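Please read the structure below before turning to the comments.
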Amino acid sequence: MEQLLKDAQKIKSLEIQGASNVAVNAISFLSNYAKRLKCENIEVCFKKLCEAQGILIETRPTEPAMKNGLKFIMNKLEQEKESIITKYISDIIEKYKNLYYDMLQNSKKRIAEIGARRFPAQGQKFNVMTHCHSSLVTGILLEAKKQGKNFKAINTETQPRLQGRKTAQELLKAGIEVIHVVDSAMRWAVRHYQIDLIIIGADSITSEGTIINKIGSRLLALVAHEEHVPFYVASPLLKYNPETNLGILETIEMRDPQEIWEDPPEGIEILNPAFETVSRRYIDGLITEAGIFASSHVSQYFAKMYPEMV
Ligand code: RUB
């Protein structure tokens, strides 16, 4: 358990960051934990695995791709419980971990292909903007670049953890022209660079088609609305939170105030919400592995593609 707690801390502390990355690592941590487990019988094994699942889920409250992945593995295990031989339990977990990993990777590839089609043909100028760091968004931009499309990327630094620098570095490395601005310049940048398209990632999607992403995302969506710039969200369907369909509200993670001000004078309340909602009204399309559609249709597409996860 000690190693699992250390692994969980890597997610909690943001050493491992970004919804997809968090999901991939969390399922690996569960699988590695299972390999280290020594249990006398299957019941004890299940109890320990459920405990580990709970610890991992609690690291980041707004991450359904992780939660869906862990639940996918545990549900599969539950279905096969009667026939499992205790010493082979880790092999079964590894198998379903790999299956979920492949689902995420295949989605990512497909989203990159679909998203890149939104960029005009080679030769035409195009300015695209993003916020924070999303591997789905960088995947689209890298694919567009690979296809020889000509564009500039404008990105925000993303306070307080500056994930925007990661985006800027990845794009630069791929030879993409990057303009990096402070978050409060996002409105200025949209107008100044006459942005043609905005794409952000998502941490969670609710049954109404609201997306939850890094704080600042709603501001960018409102700017897009005001300036008539198409606003897209790139996300695998696996970030849909099926519990929202049952009336449960998605949780917005509040992070340590020290990320904002390490040593503030006494008497100041500092709040550090990690994420915020963007209503479907401001989203022109959700770019998923099933295609581009209105975010309000997410639950139907999710049920169609991943029926056993509903
Ligand atoms: C990262 C963030 C990203 C989404 C999507 O927040 O908001 O836009 O997680 O990432 P944090 P991806 O740094 O707090 O985890 O598209 O890679 O899944």
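Points worth noting:
- Test: residue in region 148-165 that is in contact with a Phe, Trp or Tyr (Cβ under 9 Å, 6 or more places away or on another chain), in contact (Cβ under 8 Å) with a residue 40 or more places away in the chain and among the β-branched types (V, I, T): yes
- For region 271-295, a tally of residues being of a type outside the set (F, W, Y) and more than 16 Å from A221 (Cα to Cα) returns 9.
- Hey, Y101 among the aromatic types (F, W, Y) and within 14 Å of the ligand (Cβ to nearest atom) or not: yes
- Residues (in contact (Cβ under 8 Å) with a residue 60 or more places away in the chain and surrounded by 18 or more Cβ atoms within 10 Å (Cβ to Cβ)) located in region 48-73: R60, T62, E63, P64, A65, K67, N68, G69, F72
The rows are residues; the columns are (1) within 16 Å of the ligand (Cβ to nearest atom); (2) open to solvent by 40 Å² or more (accessible area, probe 1.4 Å); (3) out of contact with any strand residue (DSSP E or B) (no Cβ under 9 Å at 6 or more places or on another chain); (4) closer than 17 Å to L222 by Cβ.
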site	(1), (2), (3), (4)
R118	no, yes, no, no
V128	yes, no, no, no
E170	yes, yes, yes, no
I176	no, no, no, no
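- Whenever a residue of region 264-279 is within 23 Å of H225 (Cα to Cα), its partners that are away from the ligand (no atom under 12 Å from the Cβ) and open to solvent by less than 40 Å² (accessible area, probe 1.4 Å), lying with C-beta atoms within less than 7 angstrom and at least six residues away or across chains, give the pairs T277/T210; V278/T210; V278/A221; S279/T210.
- Condition check for E113 on (1) farther than 26 Å from L30 by Cβ; (2) part of a loop (DSSP other than H, G, I, E, B): one failure, at (2).
- Residue satisfying all of: in region 131-163; of a type in the set (G, A, S) and outside any loop (DSSP other than H, G, I, E, B); nearest to the chain's Cα centre (by Cα) among these: S135
- E143 being more than 15 Å from F231 (Cβ to Cβ), touching a Leu at 6+ places or on another chain (Cβ under 9 Å) and in contact (Cβ under 8 Å) with a residue 24 or more places away in the chain: no
- Of everything listed in (1) within 26 Å of V310 (Cα to Cα); (2) more than 16 Å from the ligand (Cβ to nearest atom), the single unmet condition for K87 is (1).
- Picking from residues in region 1-52 that are hydroxyl-bearing (S, T, Y) and touching a helix residue (DSSP H, G or I) at 6+ places or on another chain (Cβ under 6 Å), the one that is farthest from I85 (Cα to Cα) is S20.
- Qualifying residue in region 147-161 (condition: within 12 Å of the ligand (Cβ to nearest atom), at pLDDT 95 or above, surrounded by fewer than 20 Cβ atoms within 10 Å (Cβ to Cβ) and charged (D, E, K, R)): yes
The values are calculated or read from the model by the stated rules, or taken from the named source; none is laboratory data. Computed from a prediction, not measured in an experiment: that's the story for all the values here. Positions of Cβ are backbone-derived with ideal geometry, glycine not excepted, and every protein chain shown enters the neighbour counts. For the accessible areas, the whole protein counts, side chains as well, though only heavy atoms, and no ligand, DNA or RNA atoms are used. Shrake-Rupley method; radii C 1.70, N 1.55, O 1.52, S 1.80 Å.
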